[in-house]
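Read-outs throughout are calculated quantities, based only on the coordinates presented, and are distinct from any laboratory measurement. Owing to the predicted nature of the structure, the values given are computational and were not obtained by experimental measurement. So basically every Cβ, Gly included, is an ideal-geometry build from the backbone, and we count neighbours across all protein chains shown.
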Amino acid sequence: MSLHPMTRRLMAPDITAMKRVKPVISLTSYHAHTAAIADKYCDFLLVGDSLGMVMHGFETTVPVTLDMMIVHGRAVVRGAKRALVVIDMPFGTYEESPSVAFRNASRVMKETDCGAVKLEGGRRMAETTRYLVERGIPVMGHIGLTPQSINVIGGFKTQGRTHEEWIAIEEDARALAEAGAFAIVVEAVPAPLAARITDAIPVPTIGIGASSNCDGQILVMEDMLGLSPRVPKFVKKFGAIATAIEDAIKSYADDVRDRRFPAEEHSYGMKEEATGQLTVTPQATKKPKKLST
């Protein structure tokens with residue numbers, strides 16, 4: 001008899017069904033322990049290629065590799081028990097053709113046991129999105145500011161600041177929804193455009209710097225915790241983790257320097273030895289064997 005987990009993990013259709021029902025809550029996560037905490041409150045966790053900047057110190061997300069995404073993805077899947085885990089496809093792993101995208105995305109799904117992947121790009125990714133969905137890989141879209149295109153865009157710039165730009169971005173959203181994307185991240189666009197896109201498509205919009213007009217929200221966890229040194233304008237710091245970490249490390253260093261740590265309660269003692277007279281059993285003296293000649 002097969003055993004099933006007591007708590008069913010959310011799947012892509014569950015996120016789609018939340019459209020106009022309740023807000024979709026999400027954060028990025030890159031390791032098992034933060035995934036386990038966020039899992040209690042989030043509907044999906046994104047293993048974003050932002051890990052290149054947050055965890056590895058890159059200036060952009062472009063250098064991130066597929067192997068890096070898989071390693072972090074495995075950790076998050078192990079830490080989360082309920083939330084859908086979505087993994088970013090990194091730059092250069094899906095743009096060449098739908099078949100290349102399927103090969104790499106299927107590897108991510110198989111090696112991490114995640115529930116979906118995310119692709120950046122609008123209409124140009126519609127064919128690839130459809131190809132993946134038809135072959136059993138749920139796809140989350142990503143439009144507006146697409147960080148993997150940073151070298152073409154010329155910086156982390158807000159998109160759709162003029163009405164002339166709205167048509168293309170809205171068409172991006174429609175194309176991805178029609179291709180089968182179960183949700184679409186909308187990044188760094190003005191609030192009126194976010195509202196227009198949200199009303200225009202039947203799948204949830206997940207905003208990041210796109211106002212409360214979206215169906216849900218996502219932030220980089222380290223940004224909202226106050227761990228990142230610089231954050232975008234749209235981030236609200238819900239914590240001050242960097243200060244707490246620095247205070248703890250300073251206290252540790254001070255205690256070691258002043259020999260207050262480790263104290264007696266942090267050290268191991270010896271086991272009590274058995275008391276009483278030791279009995280020694282003499283061994284019979286054995287004659288050496290005679291060597292044959």
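Miscellaneous remarks
- 0 to 90° range, to nearest 10: angle between helix 241-257 axis and the chain longest Cα axis: 20
- For the stretch 77-111, GluC sites (Glu not before Pro) are listed when DSSP marks them as loop and at most 12 other Cβ atoms sit within 10 Å of their Cβ; the list is GLU96.
- The angle between the Cα long axis of helix 163-179 and the longest principal axis of the Cα atoms of the chain comes to about 60 degrees, rounded to the nearest 10.
- Debye equation applied to the C-alpha atoms of the stretch 156-209, log10 I(q)/I(0) at 0.18, 0.24, 0.25 Å⁻¹: -0.51, -0.90, -0.97
- Here's the picture: charge each Lys and Arg Cβ at +1 and each Asp and Glu Cβ at -1 in the chain, and of ALA263, TYR252, HIS33 the one pushed furthest to the positive end of that dipole is ALA263.
- Considering only Cα atoms, the convex hull volume of the chain works out to 334 Å³ per residue.
- Under Stokes-Einstein, with the Kirkwood radius over Cα pairs as Rh, the value for the stretch 188-241 at 37 °C and 0.692 mPa s is 278 µm²/s.
- Per-residue Karplus couplings for the stretch 99-114, computed as 6.51 cos²θ - 1.76 cosθ + 1.60 with θ equal to phi - 60°, are listed in order as 5, 5, 4, 5, 4, 6, 5, 5, 5, 4, 4, 5, 8, 10, 6, 6 Hz, Gly and Pro entered as x.
- The stretch 12-245 - share of DSSP beta bridges that are antiparallel (%, nearest 5): 5
- Cα centre as origin, Lys/Arg/Asp/Glu Cβ charges: the chain dipole, Debye: 1320
- In the chain, the longest principal axis of the Cα atoms and the axis of helix 191-200 are about 80 degrees apart.
- Within a Gaussian network of the chain (alpha carbon springs, distance under 10 Å), most fluctuating of ILE167, ILE249, ILE218: ILE249
- Distance from the stretch 249-266 to the stretch 4-53 (C-alpha centre basis), Å: 38
- Amide H partners (placed H, <5 Å) of ALA183, local residues excluded: GLY141
- Extension gain (nm, one decimal) between LYS271 and GLU165, 0.36 nm per residue minus Cα-Cα: 30.7 nm
- Size-normalised alpha-carbon gyration radius of the stretch 94-197, reference 2.2 N^0.38 Å: 1.09
- Environment charge at VAL54 (Cβ cut-off 14 Å; Lys +1, Arg +1, Asp -1, Glu -1): -4
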